[in-house]
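The values are calculated or read from the model by the stated rules, or taken from the named source; none is laboratory data. Just so it is clear, the structure is predicted and the values come from calculations on it, not from any experiment. Positions of Cβ are generated from backbone atoms using ideal geometry, with glycine treated the same way; all protein chains shown enter the neighbour counts. Just the protein is used for accessible areas: all its heavy atoms, side chains included, with ligands, DNA and RNA removed. Shrake-Rupley method; radii C 1.70, N 1.55, O 1.52, S 1.80 Å.
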Amino acid sequence: MLARTVTHTLVGIDPRRVEVEAHIQRGLGAFTIVGLPDKACQEAKERVRSGIAAAELVWPGSGRITVNLAPAQLRKEGSGFDLPIALALLVASAQLPRDALEGHAAFGELALDGRLRPVPGALVAAEGARRAGLPRLLCAAESGPEVALAGVEPVGLAHLAEAVSYLRGERGPPELPPPADDFETLADVSDLADVRGQERARRALEIAAAGRHNLLMAGPPGTGKTMLARRLPGILPLLADEASLEVTRIHSVAGLIAPGSGLVRVPPFRAPHHAASVAGLIGGGHGGIRPGEASLAHHGVLFLDEVPEFQRPALEALRQPLEDGFVQIARVAGRVTFPARFQLLGAMNLCPCGARGGGGECCCTPDRVQRYRERLSRALLDRFDLLLAVPRPRAHQLADAAGEASAPVRERVLGARRRLREQVPARGAPADELLTRAVERLPLSGRGRARVARVAETIAALADADAVEPEHVGEALSFRPPAELGA
């Protein structure tokens, strides 16, 4: 007897429909899964066999069992095929009605005792079910709120026995709590009021937030570079619905969505270690192709602390997503595209030992300092809109009262973004003349000139000015490569 169920596999962050066909025929006892399954998918044979027994159901005799995952040329990865395979076998062995699975897709992993476990990518699988015209998705109970975000009715189940009881019509779909925006507030985000002094750095952070500009901070250790960077999400607007869904989709595929949580509302902040590989930053992997830190920071911030310590190939690989807003990864099995529109935030010392600029005695030779700074290529340096030297704060600044909090800064950022969205401030003749003179006298490339112009527009928007004035261009030029960077 032949039976079919529908599920979805993930290709990047896109769902691909897969029909799970189960065929039981006379012959020597065997259980085979075909259709280009990976190792985790092949191991479903043992989990399904044990799960069916634990649910007090009958294993389909001693005949020959063949499970085909169609289309055969598409590689199938992960343990989300356990539930659809088990249900197809139960229909094929007449333990479930043949029409029981109409209007349903299935996605979930089986434990050996028959319990259903959540699988990364449930949101994407639910979007695939919606596109296929299937209004319900059988899944683990923990995945129910995530599935509901896609506009599909989740049938959240704790055990395979519950799935069988539901499909036999012995019980209705279980009630699940509605998804909640666990990350809708900024209560857990560090506040800018914690920063003492560093008024110029705070100003650079506000400009970067308002115009979505890339920012590089250079200075000795202990000046507050990392502290400032971690407070950038607190002055960014919460994500709109469309952007929030995109971010949640990526984090779902990466397995970063907590059970029962809703849409990710706070812009993500990713801070990978400097030992991260190219695949770790951009995406890839030996098995399935997974999103890297650049994609996990989509619509948010990618913070690289100690930028020169990162591998040169990993840093250079960031240039393409910085320009295009997406990452393309090509493998023998195919090509995958991940969105990666992020703000790049970097921090570095002025020399390898870190003493330069901090009042201590630097032990680095000029050649060593030069090699250290050359780890950050001119091409990548040119993609930073704002470059800032962060000095060591004075004792009286550290003793000052708390600075301005994040909330009023975020209001100014929201206002500036709204003005830039409605109408970008025009650049007058005096501002244009100053910018032209700057190109002639400073080492500004064509890209650098365009970035200075954009920063000047952001500064004008923050000032609620109708036009870009020379003082706005002047402030933008003050954030070009400082002499300490040797640029």
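Things worth noting here:
- Protein heavy-atom accessible surface, 1.4 Å probe, per residue over the chain: 43 Å².
- Loop sites by DSSP among the GluC sites (Glu not before Pro) of the chain, restricted to those with at most 10 other Cβ atoms within 10 angstrom, leave 176-360 as the longest stretch without any of them.
- Computed about the Cα centre, the dipole magnitude for the chain is approximately 1240 debye when only Lys and Arg (+1) and Asp and Glu (-1) carry charge, each at its Cβ.
- Percent carbon-and-sulfur accessible area, the chain, ignoring ligands, DNA and RNA, probe 1.4 Å: 50 percent
- DSSP-assigned coil residues among trypsin sites (Lys or Arg not before Pro) in the range 1-78, each with at most 12 further Cβ atoms within 10 Å: Arg26
- Dipole check for the range 410-469: with +1 at the C-beta of Lys and Arg, -1 at the C-beta of Asp and Glu, and the Cα centre as origin, the magnitude is about 380 Debye.
- Here is what passes the span test in the chain: the DSSP H helices with alpha carbon length of 20 Å or more along the helix axis and a Kyte-Doolittle mean of 0.0 or above are 446-462.
- The Kirkwood hydrodynamic radius of the chain, based on inverse pair distances between different Cα atoms, is 25.3 Å.
- Taking a ≥ b ≥ c as the square roots of the eigenvalues of the alpha carbon gyration tensor, the range 246-342 is oblate, as a/c is not under 1.5 and a/b does not beat b/c.
- The residue list Ala54, Ala30, Ala106 was ranked by how far each Cα lies along the charge dipole of the chain toward its positive end, using unit charges on Cβ atoms, and Ala30 comes out on top.
- Taking the DSSP bridge list for the range 56-201 and keeping only pairs wholly inside it, about 25 percent are antiparallel.
- For the range 1-64, the Cβ-based charge dipole about the Cα centre amounts to some 160 debye (Lys, Arg positive; Asp, Glu negative; other atoms uncharged).
- Cross-link partners of Lys76 among lysines, defined as those whose alpha carbon lies under 19 angstrom from its own and excluding same-chain residues fewer than eight positions apart: Lys39, Lys45.
- Global form of the range 305-425, assessed from the alpha-carbon gyration tensor, a/c cut-off 1.5: oblate
- Three-way shape label, the range 126-181, alpha-carbon gyration tensor, a/c 1.5: oblate
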